[in-house]
Structures are given as structure tokens and as C-alpha cells.
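Please treat every number below as a calculation from the coordinates, not as lab data. Treat the numbers as computed from the prediction; the structure is a model and nothing was measured. Note that we place each Cβ from the backbone using ideal geometry, even for glycine, and neighbour counts take in every protein chain shown.
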């Protein structure tokens, strides 16, 4: 009888894992990575929304500047008109009457002024060629509510809006240069007219100054209309920037909800694996989840 020790039975080898088991083990990691990517995309979209909202605020400030400048020029126009009327009331009754002796004396100098006044440059706002920009601009000028103007502005191309603003500002600057040259010529003609009227008295000089105020009145009115044209275009860009901000904010919210869904999936899958292997971590993770939900609910409600 052999006294050799009995052979110890070998431990059974681990059974090879199937594809589903491998995917189940990798699922929490994959979902966590996806949730992290969605969180980054949500933050990026939120930053873009804030950027475009700040652009809308800057454009609104620029529009307000144009409206203020237009109002200032309207006021100057009214002041010039009142000054011209007052000077005419103080002038000789027959000033400007070409049939009177005084009127004949003031010719041809005042005739030159009248001729010059008819050549005052006209304000020519820049044409808006893009149909989408023009539709949004017409809606803004028509004082339509934002629920109608914002969708129209969103259909326009931002570069087209920028081009329209640049053209409008260039038209206003060109009119300034043109009228500056014209008014220098008018001042020279008015000085010549004063020198040619020594015999008719100082009241006719007041009539010449009234004529000069009339030119300023027309000029300021024209410039105000050009500033208004620029202001309306800035209002269109305000609505475009606001719509772009809302679009990115909505995308940020959507990515945030996708991130939450991925996080829930990662948490559930991790808890499921821990529960399957009867790990103590399952209990710890469950308690941590309950505590986090309680804290979140408390903060939200208060």
C-alpha cells in the first residue's frame, strides 16, 4: 500500500469572457468619456453665447450713439432755423426784394447766394442690395416687434450686414466732406456779398447770415437722416447677434442634458458591475448618490 500523498486538485481556470462582458466592463469608462466631451462642448457653446451677447450689447451702444448724434443734429437744425427766422424779422422789410432800390443794390451778390443755395449737396444714403438685409432693415424701420425682426435678421448674412453698415458710414463721411467744401465756398460768397453791400445798411448783412443759417439747417437735417440710416443697420446687427447668442445657448443646454444622460448611464453601469461582483464599493457609491441628490434638491429648492 502506497503512502504517497494524494494529488491536490487544481483550481479551475477562469472562463474566457464574452464580448458582452467585455463591453459591460468598458461601458462606464466610455460613458464617462462621452459625458466629459459633452460637458466641454456645453461650456464652449455657453462661452460663444456670452460672446455674441456681448457683441449685441456693443452694437446696441453703437446704435445709441448714432441715434444721439442724429438727435443732436436735429436740434442744431431747429436752432439754425429759429436764428434764421429771427434775423429775417430784424432785417429791412424790403431785403431780398429785387424790385426795390435796396434789392437792386444787393444784386448780383445775393443772386450768387441764391444760386449757390440751390446746389447744396443732397444726402444720399447707401443702397442696401442684399434682399435679406433689406427685409430685416424694413422691419426694424417699421417698428416691428422683435418676434418678427429677429427671424428676419437671422436669415441675413452677417458679412452682408457688416458691408451695409460700412457703406452707410462711408456715405455719411462722404457727405460730411462734400458739405464742408460746399460751406467753405458759401462762406466766401457770403463774405463777398457783405463787401458789396456797403450802401444798404447792416440789416442786409443779417439777411445774408440768415441765408447761411438756412444752409446749416438743411445740412444738419440731411446728416441726421444719414446717421439714422446707420443706426437702423446697427439695430439689425443687434438682432442678428442676439439670435446667434440664443442659438448657442440652446445648443449649450442640449449638450448639458446629453452630458447628464451619459453621466447617469455611467453611474448605473458602474453600480451594476459593483453589485454583480458584490463589492463594498456598490454600497458606498449608492450612499454617495443619495447624498448628492439630496444636496442638489436642497440647493435647487432654496
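Sorting 226, 78 by the number of Cβ atoms found within 10 Å of their own Cβ, with the fewest placed first, yields 78, 226. To the nearest 0.05, how large is the calculated FRET efficiency for residue 178 and residue 85 if R₀ is 22 Å and r is the Cβ-Cβ distance? After rounding to 0.05, the efficiency reads 0.25. If R0 is taken as 35 Å, the Cβ-Cβ distance between residue 301 and residue 225 corresponds to a FRET efficiency of 0.05.
Annotation: the residues 34, 295, 161, 79, sorted from fewest to most other C-beta atoms within 10 Å of their own C-beta, follow the order 295, 79, 34, 161. With the simple spin-label model, which puts each label point 7 Å out from Cα in the Cβ direction, the residue 187 to residue 264 separation comes to 7.5 nm.
Highest mean packing first, where packing is the average number of other Cβ atoms within 10 Å per residue, the peptides 180-189, 167-176 line up as 167-176, 180-189. Exposure proxy for 72, 38, 256: other Cβ atoms within 10 Å of each Cβ, ordered fewest to most, give 72, 256, 38.
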